[in-house]
């Protein structure tokens, strides 16, 4: 029996690299990007390798390039005395030098270079065909603009570290051409600076003379306004502060001192009241008041108390000496009480005096605050006038200084530039660092590979992860069935090397556990009493549905359930063909001729499950699986079994599968990992729902867990790292 069953789950040990999961409609997140990188790592590495090989070939066979460099130094246009201690965080020459770099390689400067050397010579040295046409070409013509752009692509100007030196380089295939253009650009640049000085000197001198006269009048007018306003508002000041401000600060200090004095006296009086009101002893009162007289009386009282105790012990309480000492003790206590009352009354008076003084000072301070507010309002206007006058004075002094400098100098130095080093003819072509170039090609290859992997993933329409089922198809991913490799089946006897026999002989494997998970999910989520009917189908053929139907039934039977497996594929009865005995009667006789199903059902040789076979009868299928006929059969067998598995044909290939799914309690659609297309499964789901069938979910069959566990973040982990130590391999 076992040898005739289809071995659809058995493939080679190496499943190959799967296409990456594509982006679902819900969005493309980090999890999807990580899945693409992990699943297509070999593809990405292959792209990186090809790009690096292409880069190495280019580096080896590219034409030689010679580079000549000339140096130009820039001076400080405002003189070193303008800013002798510049802040290290801001270099005032940085913007100037960067501006001059842009001027050096600007279109205007290169146009001057072409006029200096001649357009035909420049075009000839650059290797442009028909160089003679550039001799008298219009500077604004498209041809000349292309020539300027060709020069810009080969010129480069860079600052030498943090100095004021600019390096001007020109790259060419001929060393003498590089030297010619580099030195010629320096000459053109220095000549332009001379012309700039001469023109700027005259323009600045005329304008500054006129501007200084205007600013002088503005300064005189604004300073007179400040003096007039100060006199009108009587804003007299000493040492930078007005008299009102000085009085306010002094009175404010006195108020603070009076408040501190009042608080101290109130605290002492409060402490005395707490001690006296709580009937404290004289020692506590003396400590609270810190009074020398009370402390002296307290010492005398202690001495008398000691004598009284001694006389009481020696002569008794009735002895005249004892009575005399007792009277002295009472007199001392009365004196202490009287002294406390006197001090308490004195402190009350002192507190009241301090309070009256504080109120007086606060009243004076309040009056002075009003005067200060009025004075401050006037000061705001005065400060505004002074700032305006100071700004005008500063501008006037600056322009006056500049005018004097120009008067003393023959020319105004806009930018001081000089040549430092002429370009020399290079002895060897410039070379790019192989390590740097290969690092660049590696980065470029990595970017191209990642981009190609993402595009490849977007174009992929196959089911690879349980997430594809859930998010792209809107269905439930019931279970991921792991792939059984050939090397695993070689451990079995020759006549039992099929997945369904492997399940029975190796019940602690991941494959067997997936069947138990599937059965438990169906019975717990869709339980409708005894005899639950489950239709197992697929979108297209060769997805492993027959093997899964038999494996599901066997796993349930091994768990103690009563199971009936019905072969409903009359065109390709693979399940019935795998039986050891050829059945004389089949499902066709049960439905058409009313034969008792018990006489047709055959026992599974390895488990307690029963199998209801079918004979191949392609000519009678249009009426065999009518819904009423199948429903009648299921109602007959339902009380006898806990689970009824219907092995159905592919729903997109056979019409009667729609009737079977309509009768079943739940339908399971089997898909093959990295093979079944999303569009086919989407159509199968639509057909089941159109037939009013109930889709329990989708099974991802023949999954290479060794591959998916590295990039799937859902059910594939169950058979990857999560199942480590629980399954045998």
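The values are calculated or read from the model by the stated rules, or taken from the named source; none is laboratory data. Model, not experiment: these values are computed from the prediction. Using ideal geometry, Cβ is built from the backbone for each residue, glycine included, and neighbour counts are taken over all protein chains shown.
Filtering 682, 702 for residues that are touching a strand residue (DSSP E or B) at 6+ places or on another chain (Cβ under 6 Å) and over 25 Å from residue 624 (Cβ atoms) leaves a single hit, 702. Contact map, the stretch 562-580: residues that are not assigned by TED's automatic domain parsing to the domain that holds residue 643 paired with residues that are modelled with pLDDT under 85 and part of a loop (DSSP other than H, G, I, E, B), Cβ distance under 7 Å, separation 6+ or inter-chain. No pairs are found. Return yes or no: is residue 94 at pLDDT below 85, exposed (fewer than 14 other Cβ atoms within 10 Å of the Cβ) and touching a strand residue (DSSP E or B) at 6+ places or on another chain (Cβ under 9 Å)? Yes; evaluated as a whole, the condition is true for this residue. Could you check, for the stretch 476-486, whether at least one of its residues is in the same structural domain as residue 647 (by TED's automatic domain parsing), surrounded by fewer than 21 Cβ atoms within 10 Å (Cβ to Cβ) and under 25 Å from residue 579 (Cα atoms)? The answer is yes; a qualifying residue exists. Only one entry in 251, 215 is over 58 Å from the mean Cα position of the chain (by Cα), at pLDDT 75 or above, assigned to a helix (DSSP H, G or I) and surrounded by 16 or more Cβ atoms within 10 Å (Cβ to Cβ), namely 251. For residue 653, the conditions (1) modelled with pLDDT under 85; (2) surrounded by fewer than 20 Cβ atoms within 10 Å (Cβ to Cβ) all hold with the exception of (1). Here is the figure for the stretch 166-204: residues that are surrounded by fewer than 16 Cβ atoms within 10 Å (Cβ to Cβ) and more than 16 Å from residue 417 (Cα to Cα) total 6.
Quick check on residue 687: is it out of contact with any strand residue (DSSP E or B) (no Cβ under 7 Å at 6 or more places or on another chain), closer than 30 Å to residue 632 by Cβ, at pLDDT 90 or above and not assigned by TED's automatic domain parsing to the domain that holds residue 35? Taking the combined requirement at face value, the residue satisfies it. Residue 563 meets all of the listed conditions (1) closer than 14 Å to residue 669 by Cα; (2) more than 43 Å from the chain's Cα centre (by Cα); (3) crowded, with 17+ Cβ neighbours inside 10 Å but one, namely (1). For the stretch 606-625, the set of residues classified as modelled with pLDDT of 85 or more and under 60 Å from the mean Cα position of the chain (by Cα) consists of 606, 607, 608, 609, 610, 611, 612, 613, listed by residue number. Within the stretch 150-164, the set of residues being touching a strand residue (DSSP E or B) at 6+ places or on another chain (Cβ under 8 Å) and crowded, with 16+ Cβ neighbours inside 10 Å comprises 154, 155, 156, 157, 159, 164.
Identify, by number, the condition in (1) within 13 Å of residue 670 (Cα to Cα); (2) at pLDDT 85 or above; (3) buried (at least 22 other Cβ atoms within 10 Å of the Cβ) that residue 466 doesn't meet. Going through the list (1) within 13 Å of residue 670 (Cα to Cα); (2) at pLDDT 85 or above; (3) buried (at least 22 other Cβ atoms within 10 Å of the Cβ), residue 466 breaks only (2). Would you mind finding the one in 581, 589 that is farther than 24 Å from residue 667 by Cα, at pLDDT 85 or above and over 54 Å from the mean Cα position of the chain (by Cα)? None of the others qualify; the one that does is 589.
Whenever a residue of the stretch 594-607 is within 12 Å of residue 636 (Cα to Cα) and outside the structural domain of residue 634 (by TED's automatic domain parsing), it has no partner that is crowded, with 19+ Cβ neighbours inside 10 Å and modelled with pLDDT under 90 lying with C-beta atoms less than 8 angstrom away and at least six residues away or across chains. Applying the selection to the stretch 431-477, what residues are touching a strand residue (DSSP E or B) at 6+ places or on another chain (Cβ under 8 Å) and part of a helix (DSSP H, G or I)? 466, 467, 468, 469, 470, 471, 472, listed by residue number. Of the residues 258, 263, the single one that is farther than 30 Å from residue 382 by Cα, at pLDDT 75 or above and surrounded by 15 or more Cβ atoms within 10 Å (Cβ to Cβ) is 258. Between 11, 37, the distinction of being surrounded by 11 or more Cβ atoms within 10 Å (Cβ to Cβ) and at pLDDT 75 or above belongs to 37 only.
Touching a residue at least 12 places away in the same chain (Cβ under 8 Å) and out of contact with any strand residue (DSSP E or B) (no Cβ under 6 Å at 6 or more places or on another chain): is that true of residue 485 in this structure? The answer is yes for residue 485.
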